[in-house]
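Following: one structure in structure tokens, then a few remarks.
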Amino acid sequence: MAETDRNPETFRIILLGTGSPRPSLERHHPAALVQWGDGGHMLVDAGDGVVGQLLAAEVPLQEVHNVALTHMHWDHILGYPAFVWGSWNAGRLKLTVTGPIGTRDMHQQLVESYYREQAEWAMDLRFPRAGFDEITVRDVPVGWSESIDGCLVEAGPVYHPPMHALAYRYTYRGRSLVVTGDTAKCDELIDFCQGVDLLVIDACAAAPSPELPPERRRIIERLHEFHASPQDCIDIAAQAGVAKVVLTHHLPGVVPEFDSAGYAGEIVTGEDLDIIEI
């Protein structure tokens, strides 16, 4: 999706990765790009393969300089160092990274501590210092908000023990989007999603296939303690009055099953590189 097709009314999300921690050839680890207006944007999560997926979506890496992380589980951040390096190599000169408690520590450990010596070597080759040094990383709480290029971005509550985790709500020109990251069903999230046009939500806790070995079935069943099931997602959307719900964070080979009788909105099973207009 070329950047040249954007205009002041643009408001959409590109699903870069719709998979789970379990590796899959069909789905990359979690990541999405929210775009609004002529140039407003925010990368939400940065799972493994995010750089390649941005390129596949025809997004210039050097133009991505806002990142929001939902939590520090490895499948949501493993591609973060690659994004920092790849976008810097492409010409990015600034970066602001927002996330829950632990975000600054993650950046310090995975980027600054490990790669500072290599970064200085690259700068000696005339790579611009700003692209590595001028990175603002901030831990924010539930309730944080900021207007970025005319879009109101708010951090909201999810339930994903034992991690500190956030959802993000985007409001642009009267339209709204929530991206949950990982979460189980909770009343606080339902309140946060009230009346949004689009909800992109973790549906990882699908019922395991009876053909799976018992040990694997038990692992999948336990996912429901900290992930939503596809039915939970539909129920959340119905209770919050959401117009469209997109299910993501899918286990390999799983087809989401749910009863949609109580929900009047649209249901989408997200796929990698889907572009959803809001």
Cα centre as origin, Lys/Arg/Asp/Glu Cβ charges: the range 3-277 dipole, Debye:
300
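Report the relative contact order of the chain, percent, no decimals, based on alpha-carbon pairs under 8 angstrom and at least 6 residues apart.
Working: 639 pairs, mean separation 51.3, N = 278.
It comes to 18 percent, rounded to a whole number.
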Put in order of increasing Cβ neighbours within 10 Å, starting from the fewest, Leu212, Leu223, Leu61 give Leu212, Leu61, Leu223
Kirkwood hydrodynamic radius (Cα pairs, Å) of the range 100-218?
17.5
Based on Cβ point charges of +1 for Lys and Arg and -1 for Asp and Glu, what charge dipole magnitude is obtained for the range 16-94 about its Cα centre, in debye rounded to the nearest 20?
140
Put +1 on the Cβ of every Lys and Arg and -1 on every Asp and Glu Cβ in the chain; which of Pro210, His164, Ala228 then has its Cα farthest towards the positive end of the dipole?
His164
Candidate cut points under chymotrypsin sites (Phe, Trp or Tyr not before Pro) in the range 38-97, DSSP loop plus at most 16 other Cβ atoms within 10 Å of their own Cβ, are none
Please identify every one of the GluC sites (Glu not before Pro) in the range 205-278 that sits in a loop by DSSP and has no more than 12 other beta carbons within 10 Å of its own beta carbon.
Glu211, Glu257
Could you pull the Cα extents of the chain along its three principal axes, largest to smallest, in whole Å?
60, 45, 32
Extension length gain for Ala90 and Ile267 (0.36 nm per residue less Cα distance), in nm, is 60.1 nm
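A short reminder: the numbers here are calculations on the coordinates, not readings from a lab. Here the structure is a predicted model, which is why all the values come from computation and not from measurement. Heads up, the Cβs are rebuilt from the backbone with ideal geometry, glycines too, and the neighbour counts pull from every protein chain shown.
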